[in-house]
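Remarks on the structure that follows.
Each value in this text was obtained by applying a stated rule to the coordinates, not by laboratory testing. None of these values were measured; they are calculated from a predicted model. With ideal geometry, Cβ positions are generated from the backbone for all residues, glycine too; neighbour counts draw on all protein chains shown.
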Amino acid sequence: MTTRTTQDWHDLAGSVSGPTDLFIDGAFAEAAAGERFVTTDPSTGVEIAQVARAGAADVDRAVAAGRRAFESGVWSRQPAAYRKKVLLDLADAIDRHTDELAVLESRDGGKLISDTSEWDIPGTSAILRWYAETVDKTYGESAPVGPDALAVVSREPLGVIGAVVPWNFPLEMAMWKLAPALATGNSVVLKPAELTPMTALYLARLAAEVGLPDGVLNVVPGFGSDAGRALGVHMDVDAIAFTGSTRVGKLFLGYAGESNLKQVWPECGGKSAAVVCADVADLGAVADLVAGGIFACAGQVCSASSRLLVHRSRYDELLALVAERSCELRVGDPLDPETQMGPVISTGERDRILGEIESAAAESRLVAGGGVPSGPATAGAFLEPTILADVAPGQRLFEEEVFGPVLAATPFDTEEEAVALANSSKYALAASLFTDDLRTAHRVSDRLRAGTVTVNGVDAIDISVPFGGFGQSGYGRDLSLHALDKYTGTKTRWFAG
Ligand code: NAP
Ligand code: MG
């Protein structure tokens, strides 16, 4: 738990700097074309750094380094105890630099320091540690092929993994991919989002310091349309682990088809529903959770509960409570530990979201927010927490992910209707259900179509359970032992007599 004040965090922000070059084959280097791009702080618009911009030639070098490392066996064929130790050492190194990483993450992505210092960065090392512990605890199988033969089924690393991640949880999303990929012996080329490249490069420096062999982890910051695409179409990348929008997830499937049939694991968007039944006694507690479920991280969470479906008998009462919560939220400086909602990722995104709100307000009812907050916060990409009511199926706000602090509320009359409304989305990442009745909880949670259904909570997540969805939320699964399957293939060795 941090005891730093706002001033302490600003002082640290002023003194922390991380690497800004590409990380390839164990060394930091300029991009081949010598190009750089600017990354800014969305709470102020101020430039943080100019970062080397990887192009296709750099991705080529990174993939070649990953392949060389893989084939040499310097990581892929080392004893489990060694791989485990290096990964645990890296987790310890992250912990030693929690505050530096937290402040870099907060500035680069406008994320709350209270979140990055207490959740995102500690969560990142915890994930790494968890997968490091799997290295010497996962076993192959021997198959029942009869008395005259022996068939041994092992899980083999795939080779070179391309990891392409978004900007909302930059280091944590990266680690969701890196940890299981590295634990199973692969090499990785990581492309962070262009808006938030800083912590991935810092991680690369820590990896080099703890002795991860050269070429096993490469980091190529750059733009999706060149560095991301170059990874997607590369003939020597074995799999892509992608988190981001459904639009770009589909592009990666196309890239695989036009290149080497690499595996693609897309984890994409969502439009998750929170269903509130009539029987709930403590509507205030539900309002707290609903507000948290949409306004955390300024709504820029793939599994955010962006649709609120409420039994008509409790609709007005709950809406009023959630609106009250939204007005009480402290919006402002992400480096102030008391702030409850920071900016969205960029002024461009802010303006796009304002446009979504404006067109939604024309066909539904604006209950709270809807604009840019007044006061000191206006210098950055800030938005008011926003609630629209009476949003109907077919309307854009009901169907499409906004990826901002915008809640769409809809009443229902029957359980059947609630399930139909919740499941009518093209996405199916997460869902919530609020009820005080155990039978309703079992019955309705069983019928809600989503990768994770949380009963009497929102957005439950833990390293021990898989995270991912159905439909156009994609089919990749991060976290838990299931994620290991994405980075390995089964190999059978059959000993005949
Ligand atoms: P995005 O635009 O899809 O970008 C994701 C990554 O793909 C970035 O690294 C991006 O690079 C790259 N990319 C963009 N265009 C590309 C192209 N033409 N070819 C190859 N790569 C390309 O998503 P985002 O705006 O960063 O993140 C928000 C989205 O992520 C939301 O839809 C959200 O729901 C989803 N998300 C899903 C999960 C999950 O686990 N299911 C978790 C978090 C976020 P640039 O940065 O250079 O554009
Ligand atoms: Mg930035």
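Tabulated results
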{"read-out": "Amide H partners (placed H, <5 Å) of L407, local residues excluded", "value": "T386, I387, L388"}
{"read-out": "Relative packing of peptides 391-399, 325-333, 235-243 - highest average C-beta neighbours within 10 Å first", "value": "235-243, 325-333, 391-399"}
{"read-out": "Spread of Cα-to-Cα distances over 5 Å intervals beginning at zero, given as percent, for the stretch 345-497", "value": "2, 8, 13, 15, 15, 15, 12, 9, 5, 2, 2, 1, 1, 1, 0, 0"}
{"read-out": "Net charge of neighbours whose Cβ lies under 11 Å from the Cβ of A281, counting Lys and Arg as +1 and Asp and Glu as -1", "value": "-3"}
{"read-out": "Neighbourhood charge, 15 Å Cβ-Cβ cut-off, centred on A256 and excluding it, Lys, Arg +1 and Asp, Glu -1", "value": "+1"}
{"read-out": "Full-extension gain in nm, K85 to A362, via 0.36 nm per residue minus C-alpha separation", "value": "94.0 nm"}
{"read-out": "Label zone at D288, where the point sits 7 Å out along the Cα-to-Cβ direction: the stretch 305-340 residues whose backbone N lies under 13 Å", "value": "325"}
{"read-out": "Pairs of Cα atoms farther than 17 Å apart, the stretch 51-93, %", "value": "53 percent"}
{"read-out": "Under 14 Å, Cβ to Cβ, from A362 - net charge with Lys/Arg +1 and Asp/Glu -1", "value": "-2"}
{"read-out": "The chain, helix-only ellipticity at 222 nm - DSSP H runs n ≥ 4, -39,500 (n - 2.57), divided by all residues, nearest 500", "value": "-11500 deg cm²/dmol"}
{"read-out": "Which of G222, Q395, L481, positive extreme of dipole for the chain (C-beta unit charges)", "value": "L481"}
{"read-out": "Within straight-line cross-link reach of K491, lysines at Cα separation under 21 Å, skipping those fewer than 8 residues along the same chain", "value": "K137, K262"}
{"read-out": "Simple label model, 7 Å out from Cα along Cβ direction - T3 to A420, nm", "value": "5.9 nm"}
{"read-out": "Net length gained if the chain between A320 and S374 were fully extended (0.36 nm per residue, minus Cα distance)", "value": "17.2 nm"}
{"read-out": "Computed lengthening from F28 to E328, 0.36 nm per intervening residue step minus Cα-Cα distance", "value": "103.5 nm"}
{"read-out": "The stretch 1-71: Rg to Rh, with Rh as the Kirkwood radius over Cα pairs", "value": "1.14"}
{"read-out": "Square roots of five times the Cα gyration tensor eigenvalues for the chain, Å", "value": "38, 29, 20"}
{"read-out": "Equivalent-ellipsoid semi-axes of the stretch 191-298, from the Cα gyration tensor, Å, largest first", "value": "37, 21, 12"}
{"read-out": "Principal semi-axes in Å for the stretch 76-189 [√(5λ), Cα gyration tensor, largest first]", "value": "35, 14, 11"}
